[in-house]
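Peer 1: Let me begin by handing over the structure; questions about it come next.
The values are calculated or read from the model by the stated rules, or taken from the named source; none is laboratory data. A quick note: this is a predicted structure, and the numbers were derived from the prediction, not measured. Here Cβ is always computed from backbone atoms with ideal geometry, including for glycine, and neighbour counts include all displayed protein chains.
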């Protein structure tokens, strides 16, 4: 008989303590400690590593370990394969998070239907009934005759059925609904989420079964449950999208088998999620006439460059504190760029409200869009449009210098492919082979960039 004791666990970080306190000592959040039942099992099998006992052979030399190329297989969705690093790795655990209604279940259902045509698959739902899942499949016109589904939340029952069926891919929708009989806490609690995730990851490694875990997010956009959940799995994917837009972006923030920040683009339609083969075309508004405050830049997300439009609006401030609003980029970055513009460009925005937006709900995570942001701000401030065929990229330093960015030539080729004929780029990113289709203007300081924008 296992011993039981009451402990208090933080719902934000998973910190444990024997007594209740108003403030968590781990993350310093208030009123996050909840009472849970901690069981001390007579054996230590529960606390085995995530890989379990698979391949346990003592201490060996790393050179003696077989390092054959991992044989991936396709999910049936090219954009999902891109984000995963080229396909699904057998025995991997993938966590997919996103806002409610963003399309997580739809994406996995489409992928599982495609996989079921060639592999044995199992879709386990804990939130929907099998009838609801069937209605969704029929609404999307999916050929789901070979897809096996199960409505179950007990992790022991899931393992029993999985060992009997031996599927190659399993989907758990969602991890917050699964519970273990070893714990007395309710499903969705921190202890339950962590324990069930650890057992599922261990099962994936031991049986070489790929497991997709659907995770809910909090109001702050982080995955519900302890952050240790992200450390357990091999890949963490986030579904992003604006509620007013049909575009959906899936981003890899962790991937042990590929590049991080890799990006996949989908469009939500009546027939489900449709892949976007050329994302650069949909994130450009393509105004009929030239408008002020609009500049196109090339951002690199993962392994491919992508053209996005940066819009800015500068208006006279009627309050004591001018507003600085940034959508699609870090707000502190915007404040720093405005300070550099004032110090090294001689243009002050102390009495102006500045609004910056990246079209299509894309978020620029790199510094290559700094120059484009300032160019859009100046264009709106002076009410002077920038030609639609111009493209700008470059990082701006605090000393007013224009710093180079990675893969400059690849960005220029992507811009030339989309029909742009002029580019303002850092001098250090000068192409080795000149392309006659695009005129490259090289700048090394902010003053040179301002002169190029003015046509001097």
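Peer 1: Which condition number in (1) buried (at least 17 other Cβ atoms within 10 Å of the Cβ); (2) farther than 17 Å from residue 242 by Cβ; (3) touching a strand residue (DSSP E or B) at 6+ places or on another chain (Cβ under 8 Å) is the one that residue 341 fails?
Peer 2: For residue 341, the exception is condition (3).
Peer 1: Among the residues of region 376-391, what is the count of those that are part of a helix (DSSP H, G or I) and out of contact with any helix residue (DSSP H, G or I) (no Cβ under 7 Å at 6 or more places or on another chain)?
Peer 2: 6
Peer 1: Somewhere in region 78-96, is a residue in a loop (DSSP other than H, G, I, E, B) and over 24 Å from the mean Cα position of the chain (by Cα)?
Peer 2: No, region 78-96 contains no residue that is in a loop (DSSP other than H, G, I, E, B) and over 24 Å from the mean Cα position of the chain (by Cα).
Condition check ((1) in contact with a strand residue (DSSP E or B) (Cβ under 7 Å, 6 or more places away or on another chain); (2) under 27 Å from residue 245 (Cα atoms)) across all residues:
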| site | (1), (2) |
| --- | --- |
| 78 | yes, yes |
| 111 | no, yes |
| 125 | yes, no |
| 138 | no, yes |
| 144 | no, no |
| 151 | yes, no |
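Peer 1: Could you tell me whether residue 386 is in contact (Cβ under 8 Å) with a residue 12 or more places away in the chain, under 19 Å from residue 294 (Cβ atoms) and either crowded, with 18+ Cβ neighbours inside 10 Å or in contact with a strand residue (DSSP E or B) (Cβ under 7 Å, 6 or more places away or on another chain) (or both)?
Peer 2: yes
Peer 1: I'd like to check something: does region 276-291 contain any residue that is in contact with a helix residue (DSSP H, G or I) (Cβ under 8 Å, 6 or more places away or on another chain), modelled with pLDDT of 80 or more and buried (at least 19 other Cβ atoms within 10 Å of the Cβ)?
Peer 2: The answer is no, given that none of the residues of region 276-291 is in contact with a helix residue (DSSP H, G or I) (Cβ under 8 Å, 6 or more places away or on another chain), modelled with pLDDT of 80 or more and buried (at least 19 other Cβ atoms within 10 Å of the Cβ).
Peer 1: Looking at 362, 373 in this structure, which one is under 15 Å from residue 298 (Cα atoms) and in contact with a helix residue (DSSP H, G or I) (Cβ under 8 Å, 6 or more places away or on another chain)?
Peer 2: Only one candidate qualifies: 373.
Peer 1: Do we have any residue at all in region 186-193 that's in a loop (DSSP other than H, G, I, E, B), surrounded by fewer than 20 Cβ atoms within 10 Å (Cβ to Cβ), in contact with a helix residue (DSSP H, G or I) (Cβ under 6 Å, 6 or more places away or on another chain) and on the phi > 0 side of the Ramachandran plot?
Peer 2: Within region 186-193, one or more residues are in a loop (DSSP other than H, G, I, E, B), surrounded by fewer than 20 Cβ atoms within 10 Å (Cβ to Cβ), in contact with a helix residue (DSSP H, G or I) (Cβ under 6 Å, 6 or more places away or on another chain) and on the phi > 0 side of the Ramachandran plot.
Peer 1: Another question, if that's okay. If you take the residues in region 285-312 that are touching a strand residue (DSSP E or B) at 6+ places or on another chain (Cβ under 8 Å) and not in a strand (DSSP E or B), which one is farthest from residue 358 (Cα to Cα)?
Peer 2: Top of the filtered list is 302.
Peer 1: Run down 394, 400 and say which single residue is over 30 Å from residue 276 (Cβ atoms) and in contact with a helix residue (DSSP H, G or I) (Cβ under 6 Å, 6 or more places away or on another chain).
Peer 2: 400
Peer 1: Okay, next question. Applying the selection to region 133-172, what residues are in contact with a helix residue (DSSP H, G or I) (Cβ under 7 Å, 6 or more places away or on another chain), over 19 Å from residue 93 (Cα atoms) and in a helix (DSSP H, G or I)?
Peer 2: 136, 137
Residue-wise test of (1) surrounded by fewer than 23 Cβ atoms within 10 Å (Cβ to Cβ); (2) free of Cβ contacts under 8 Å to residues at least 12 places away in the same chain; (3) under 21 Å from residue 250 (Cβ atoms).
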position	(1), (2), (3)
117	yes, no, no
121	no, no, yes
131	yes, yes, no
135	yes, yes, no
141	yes, no, no
151	yes, no, no
156	yes, no, no
177	yes, no, no
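Peer 1: Show the residue pairs meeting these rules: Cβ distance below 9 Å; 6+ apart or different chains; first residue within region 16-36 and at positive phi; second residue loosely packed, with under 14 Cβ neighbours inside 10 Å and assigned to a loop (DSSP other than H, G, I, E, B).
Peer 2: Final answer for the pair search is 31/22.
Peer 1: Name the residue that is farthest from residue 293 (Cα to Cα), counting only residues in region 313-331 that are free of Cβ contacts under 8 Å to residues at least 12 places away in the same chain and touching a strand residue (DSSP E or B) at 6+ places or on another chain (Cβ under 9 Å).
Peer 2: Looking at residues that are free of Cβ contacts under 8 Å to residues at least 12 places away in the same chain and touching a strand residue (DSSP E or B) at 6+ places or on another chain (Cβ under 9 Å), I get 319.
Peer 1: May I ask you to say which residue of 354, 373, 405 is part of a helix (DSSP H, G or I), in the same structural domain as residue 300 (by TED's automatic domain parsing), in contact with a strand residue (DSSP E or B) (Cβ under 8 Å, 6 or more places away or on another chain) and at pLDDT 90 or above?
Peer 2: Unique residue meeting the criteria: 373.
Peer 1: State yes or no: is residue 329 within 20 Å of the chain's Cα centre (by Cα), in a loop (DSSP other than H, G, I, E, B) and assigned by TED's automatic domain parsing to the domain that holds residue 448?
Peer 2: Against the criterion (within 20 Å of the chain's Cα centre (by Cα), in a loop (DSSP other than H, G, I, E, B) and assigned by TED's automatic domain parsing to the domain that holds residue 448), residue 329 qualifies.
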